[in-house]
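Asker: Take this structure, written in structure tokens, and hold onto it; I'll ask about it next.
The values are calculated or read from the model by the stated rules, or taken from the named source; none is laboratory data. What you are looking at is a predicted structure, and each value in this text was computed from that prediction instead of being measured. Here the Cβ positions follow ideal geometry from the backbone for every residue, glycine too, while neighbour counts run over all protein chains shown.
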Amino acid sequence: MDSSDRDLAYAGAAQQVRLLADGAITAPDLLELYLSRIAALDPLLRGYRVVRAEAARREAAVAQARLDAGERLPLLGLPIAIKDDVDVAGEVTTCGTAAHGPARTDDAEVVRRLRAAGAVIIGKTAVPEMTIWPFTETLTFGATRNPWHTDFTPGGSSGGSAAAVAAGLAPMALGSDGMGSIRIPASWCGLFGLKPQRDRVPMTPHDDGWHGLIVNGPISRTVEDAALFLDVTSESSEFVAAARREPVSLRIALCGNVPPGVVTRVGKAQRAALAEAGAVLRELGHRVIERDLDYPQAGVAHALSRYFRGVYDDVQTMPHPERLEARTRNFARIGGLISDSRMVRIRAMESQLTERILATFDDVDVVLTPGTAKGPSRIGAYQRRGAVTTLQLVAARVPFQAMFNVTGQPAAVVPWALDDDGLPTSVQLVGRPFDEATLLSLAAQLERVRPWADRRPAISV
């Protein structure tokens, strides 16, 4: 594969859409480029659970006929990968387990909207069993590896989506985020990952996942790519314009403290990323202050309650629960101890917790945290570990995400540098409720002064 093919594979979704519309490339040729790369690289990486080669070829041919006829849609002819907890008609939604049922007859609403915008669905990406963990390894489907260093996980639970985009096996991928599952793998794979405002992107037919924690969102190479995803999947069309708009001078709080209840130490590379980002933002004219974020004492316990009970509820929908891994069954068993009446009381606490977090935004526009506390774990690090022990170990790596699933507000991770293992680091931008526009504008400004999209991992062809 020559350098021009590699450049095209890493060009990003928005640029590829422009090339398709201009006739510089064709939808079938673009798809074949990715199918060729998948054949070469994915046997090692295992980013995809299934590749829809023939179905995608038919979709690409139809898209090209529409392009040739002069039709223009926001994603017409663009291949997109879909996380395997989201329904695609004719495909099984495994959620990373052998306990799944038959193929789905209908697309999830977010997939329907992507198709309506012209997207070609290239395949479904790997996840940990029941999407529980920030690493993507299952007994059923094996381990997904990080393209930057294949001894390490890409993260999870959208690990397959991030590995595929990072390795140039898809221009963009759909992820979902219940406790950081977009932001964690985007951080460790050197990508832009956006957790939108709750209810911004439809979850139908799996509404209120993990009792309101889960949202759908993009994992992409560029900020503009993610904005394009939001424009076609949400009820608004403001986001590409926001990504192209220079931000006004913003008040930004650097918050490096860890939520109470999590025992960890933020790593040197992650602390450096936060400090460097603060310095860059000051140079760009923003007012940057350092402060501790006032996390609620009960915030972690509240998130964990919804998480455990949500997994329990999901397990009840599986036709073959006896096929679940023992660790997953034990995790769900803990969730089953939380009664319906207790969940009502827990959900009622959300507004109080949210109010405390949002008080920070009385005098700042954006909160900046490290993307993660540490780099990714090595493949196999949690084998033969129980549910609670695994949770304690992984929580120490990723303490900065879950609170914003509780509040529902938007948060994004911006790639920063590489650590001593050659793995990406990031910083997290958190915005006011429903203010993805500011995050996109600010992230795009950082992208212009510290571009990351041209970085490519060690795994490439």
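Asker: Taking the conditions exactly as written (in contact with a helix residue (DSSP H, G or I) (Cβ under 9 Å, 6 or more places away or on another chain), of a type in the set (Phe, Trp, Tyr) and under 20 Å from LEU442 (Cβ atoms)), does PHE152 satisfy them or not? Give the derivation first.
Answerer: Working: in contact with a helix residue (DSSP H, G or I) (Cβ under 9 Å, 6 or more places away or on another chain): yes; of a type in the set (Phe, Trp, Tyr): yes; under 20 Å from LEU442 (Cβ atoms): no.
Here the answer is no, as PHE152 does not meet what is asked.
Asker: Additional query: Which pairs do you get when a residue that is closer than 14 Å to ALA412 by Cβ, found in region 169-182, comes within reach of a residue that is part of a loop (DSSP other than H, G, I, E, B) and of a type in the set (Phe, Trp, Tyr), reach meaning Cβ atoms under 8 angstrom, with the pair 6+ apart or on two chains?
Answerer: Partner pairs satisfying both residue conditions: GLY180/PHE400.
Asker: A further question follows. From the list VAL344, VAL414, VAL388, which one is crowded, with 22+ Cβ neighbours inside 10 Å and either among the β-branched types (Val, Ile, Thr) or modelled with pLDDT under 95 (or both)?
Answerer: Criteria check complete, one pass: VAL414.
Asker: Quick check, is LEU439 of a type in the set (A, V, I, L, M), farther than 20 Å from GLY217 by Cα and either in contact (Cβ under 8 Å) with a residue 40 or more places away in the chain or surrounded by fewer than 24 Cβ atoms within 10 Å (Cβ to Cβ) (or both)?
Answerer: Numbers: of a type in the set (A, V, I, L, M): yes; farther than 20 Å from GLY217 by Cα: no; either in contact (Cβ under 8 Å) with a residue 40 or more places away in the chain or surrounded by fewer than 24 Cβ atoms within 10 Å (Cβ to Cβ) (or both): yes.
Considered against the rule, which asks whether it is of a type in the set (A, V, I, L, M), farther than 20 Å from GLY217 by Cα and either in contact (Cβ under 8 Å) with a residue 40 or more places away in the chain or surrounded by fewer than 24 Cβ atoms within 10 Å (Cβ to Cβ) (or both), LEU439 comes out as no.
Asker: How about region 260-339: which helices (runs of 4 or more DSSP H) wholly inside it have at least 3 residues that are crowded, with 18+ Cβ neighbours inside 10 Å, of a type in the set (Val, Ile, Thr) and in contact (Cβ under 8 Å) with a residue 40 or more places away in the chain? Working first, answer last.
Answerer: Working: elements: 268-283, 299-316, 326-335.
Filter on region 260-339 gives 299-316.
Asker: Then there's this: Condition first: touching a Lys or Arg at 6+ places or on another chain (Cβ under 7 Å) and either surrounded by 24 or more Cβ atoms within 10 Å (Cβ to Cβ) or touching a residue at least 12 places away in the same chain (Cβ under 8 Å) (or both). Can you find one or more residues in region 420-428 that meet it?
Answerer: Yes, some residue in region 420-428 is touching a Lys or Arg at 6+ places or on another chain (Cβ under 7 Å) and either surrounded by 24 or more Cβ atoms within 10 Å (Cβ to Cβ) or touching a residue at least 12 places away in the same chain (Cβ under 8 Å) (or both).
Asker: Among LEU114, LEU73, LEU67, which is the only one that is closer than 30 Å to THR317 by Cβ and not β-branched (Val, Ile, Thr)?
Answerer: Result: LEU114 is the single residue among LEU114, LEU73, LEU67 that is closer than 30 Å to THR317 by Cβ and not β-branched (Val, Ile, Thr).
Asker: Limited to region 383-425, what total is found for residues that are in contact with a Leu (Cβ under 9 Å, 6 or more places away or on another chain) and of a type in the set (Ser, Thr, Tyr)?
Answerer: 2
Asker: In region 63-89, what residues are part of a helix (DSSP H, G or I) and farther than 14 Å from ILE122 by Cα?
Answerer: GLN64, ALA65, ARG66, LEU67, ASP68
Asker: Check ALA162, ALA173, ALA167 and return the single one that is of a type in the set (A, V, I, L, M) and either under 23 Å from ARG306 (Cβ atoms) or more than 10 Å from the chain's Cα centre (by Cα) (or both).
Answerer: The match here is ALA167.
Asker: What are the pairs, 6+ residues apart or on separate chains, where a residue within region 213-240 that is farther than 13 Å from GLY175 by Cβ and surrounded by fewer than 24 Cβ atoms within 10 Å (Cβ to Cβ) has its Cβ under 9 Å from a residue that is at pLDDT below 95 and of a type in the set (Ser, Thr, Tyr)?
Answerer: ASP231/SER237
Asker: Provide a single number: the residues in region 90-131 that are surrounded by 22 or more Cβ atoms within 10 Å (Cβ to Cβ) and part of a helix (DSSP H, G or I).
Answerer: So the answer is 6.
Asker: Follow-up question, since we're still on this one. Which one is surrounded by the most Cβ atoms within 10 Å (Cβ to Cβ), of the residues in region 144-186 that are of a type in the set (Val, Ile, Thr) and more than 19 Å from GLY209 (Cα to Cα)? I'd like the intermediate steps shown before the answer.
Answerer: From region 144-186, those of a type in the set (Val, Ile, Thr) are 144, 150, 153, 165, 182, 184; that's our starting set.
Now drop any that are not more than 19 Å from GLY209 (Cα to Cα), which leaves 144, 150, 153, 165.
On the way: THR144: 33, THR150: 18, THR153: 32, VAL165: 35.
Going through the qualifying residues, I end up with VAL165.
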